Amino acid sequence: MNSGKDTIAAISTPLMSGGIGIVRISGPQAKLIAGKVFKSRHGSLDGLEGYRALFGKIYDGGEVVDECVALNYNAPASYTGEDVVELSCHGGVFLLKKVLSLILNAGARLAEPGEFSKRAFLNGKMDLSQAEAVMDIISAKNSQALRAANAMKDGALSRKIDEMRRLLIGTTAHLSAWIDFPDDDIPQVETDEIKSDILKIIKDIDALLSSYDSGVIMREGIPTVIAGRPNAGKSTIMNLLSGQEKSIVTDIEGTTRDIIEETVMAGGIMLRLADTAGLRHTGDVVEKIGVRKTHESIENAGLILAVFDGSKQLCKEDLDLCEACRGRAAVAVINKDDLEKQTDEDYIRKHFRYVVNICAKERKGLKNLTQAIAEAADYSDLDASEGMLANERQKNCAVRARESLVQALSEMEAGQTPDIVCVLLDEALSALFEMSGELATDAVVDEIFSNFCIGK
């Protein structure tokens, strides 16, 4: 990815028809280039104070292209830390492409994916974890994910990393000084004090690592399996929760043979919902593969919706499903509430904390089902405003830092020399600096920002 002192431009709003579309320009020549195509009788962009707007027109030579509002941001008080001009035009696709073309012809270069945010990072406007949060804000699919991303963007994780680094830097510096200058008047290093500092940092890292899986689930949804015997109503429930005819519904057993997936919101919780093949013994080769996949999905699920046909007595597959759900995050869904009940609800309640009766065909009981899902997928111990690890890169840095700290403790217990301990503490410190981006390689930085959309 290019990152010089040239001036870049891109369309920063979705490329579709709308009321307003924005072309963003950033770099040392932003105002000069914008001024070549934008004219206002109220003044010029050159010398305009920051956070000011001018109404004017976009020109292609002497021809008016569009009326426009130019927003001016002077360096360093802008998103990128550079001079920035945003041209708010009418939101036609052809029009925006035309305006962008005029800006490029006037001397700007087309921005690469994520280049505006990359410049913000390189100019010290945000660290790498905050930059990554920008994409999480854009891609947030629920209020919790958005809250977590905004907390990250505001520096929640950065502050936690900084606290750990400052403590580790102090410990390492004291130990290094004591090693390098034994004859100077440097206080004796207390082993117990060093161990205490290391243990505190490990505890803080463990807290971050423990929040990682919850954070992933919050952002991407809980892997949820709808399981049960054939014709219990699994596909109907899938369609009911997704709000569309996602799964084929028939009276023929074994209709669903493969896993059908959909992301849905239920009770304010995002679910990666999977409709599975009915649990039964079958001689059909294809259906048998589907049943095997169902069992695998149950084992790996974060939440199970166990569906029972309320109009039938419990069979072996039902009993096996009850046992598979014991102690798991699961909701027992007793379907076909409109028919005479034959199932043993008392037996089911012995295995499930959450049990709801519904009639999926008539859309009865949906509110109770979504409430049970929300309670079974309990997020009460997860504070989205707290800093948490957002991706595998950050997690990997945390794991490496922890491993170095644990090894440092081990070497101290074994009576190794302080210089070995110091090397391990330096490795942990490097991993923390890498997490925030201060020691990240150019390749890592380029990879992160290449996943951004153009214009951000």
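Of note:
- Flag if SER44 is under 27 Å from LEU122 (Cβ atoms) and among the hydroxyl-bearing types (Ser, Thr, Tyr): no
- Qualifying residue in the stretch 17-26 (condition: at pLDDT below 95, surrounded by 14 or more Cβ atoms within 10 Å (Cβ to Cβ) and in the same structural domain as SER88 (by TED's automatic domain parsing)): no
- Every condition in (1) surrounded by 23 or more Cβ atoms within 10 Å (Cβ to Cβ); (2) not assigned by TED's automatic domain parsing to the domain that holds LYS395 is met by GLU67 except one, and the failing one is (1).
- Verdict on ALA360 being closer than 25 Å to GLY221 by Cβ and in contact with a Ser or Thr (Cβ under 6 Å, 6 or more places away or on another chain): yes
- Restricted to the stretch 357-456, the set of helices (runs of 4 or more DSSP H) holding at least 2 residues that are at pLDDT below 85 and farther than 30 Å from ARG119 by Cα comprises 418-436.
- Residue in the stretch 2-14 that is closer than 22 Å to MET126 by Cα, assigned to a loop (DSSP other than H, G, I, E, B) and charged (D, E, K, R) present: yes
- Within the stretch 296-320, considering residues that are under 32 Å from the mean Cα position of the chain (by Cα) and either among the polar types (S, T, N, Q) or part of a helix (DSSP H, G or I) (or both), the one farthest from LEU369 (Cα to Cα): GLU296
- Residues located in the stretch 62-91, provided they are among the hydroxyl-bearing types (Ser, Thr, Tyr) and farther than 20 Å from LEU128 by Cα: TYR73, SER88
- Pair list, Cβ under 8 Å, 6 or more apart: the stretch 10-23 residue closer than 13 Å to VAL84 by Cα, other residue modelled with pLDDT of 90 or more and of a type in the set (Ser, Thr, Tyr): ILE22/SER12; ILE22/THR13; ILE22/SER88; VAL23/SER12
- Residue within the stretch 259-278 that is modelled with pLDDT under 70, in contact with a Pro (Cβ under 8 Å, 6 or more places away or on another chain), on the phi > 0 side of the Ramachandran plot and part of a loop (DSSP other than H, G, I, E, B) present: no
- Selection from the stretch 151-161 of residues that are free of Cβ contacts under 8 Å to residues at least 60 places away in the same chain and assigned to a helix (DSSP H, G or I): LYS153
- Only residues that are among the β-branched types (Val, Ile, Thr), closer than 20 Å to ARG166 by Cα and without any contact (Cβ under 8 Å) to a residue 24 or more places away in the chain were counted across the stretch 418-446, and they come to 1.
- Candidate set: the stretch 93-148, residues that are at pLDDT below 95 and on the phi > 0 side of the Ramachandran plot; chosen: the one farthest from the chain's Cα centre (by Cα): GLY124
- For the stretch 77-89, the criterion of being of a type outside the set (S, T, N, Q), surrounded by fewer than 20 Cβ atoms within 10 Å (Cβ to Cβ) and over 23 Å from SER450 (Cβ atoms) is satisfied by at least one residue.
- Per the conditions (1) of a type outside the set (S, T, N, Q); (2) free of Cβ contacts under 8 Å to residues at least 60 places away in the same chain; (3) part of a loop (DSSP other than H, G, I, E, B), the sole criterion not satisfied by LEU71 is (3).
- Among (1) out of contact with any helix residue (DSSP H, G or I) (no Cβ under 8 Å at 6 or more places or on another chain); (2) assigned to a loop (DSSP other than H, G, I, E, B); (3) at pLDDT 95 or above, the one test that GLU82 misses: (1)
The values are calculated or read from the model by the stated rules, or taken from the named source; none is laboratory data. Computed from a prediction, not measured in an experiment: that's the story for all the values here. Neighbour counts run over all protein chains shown; Cβ positions are idealised from the backbone, glycine included.
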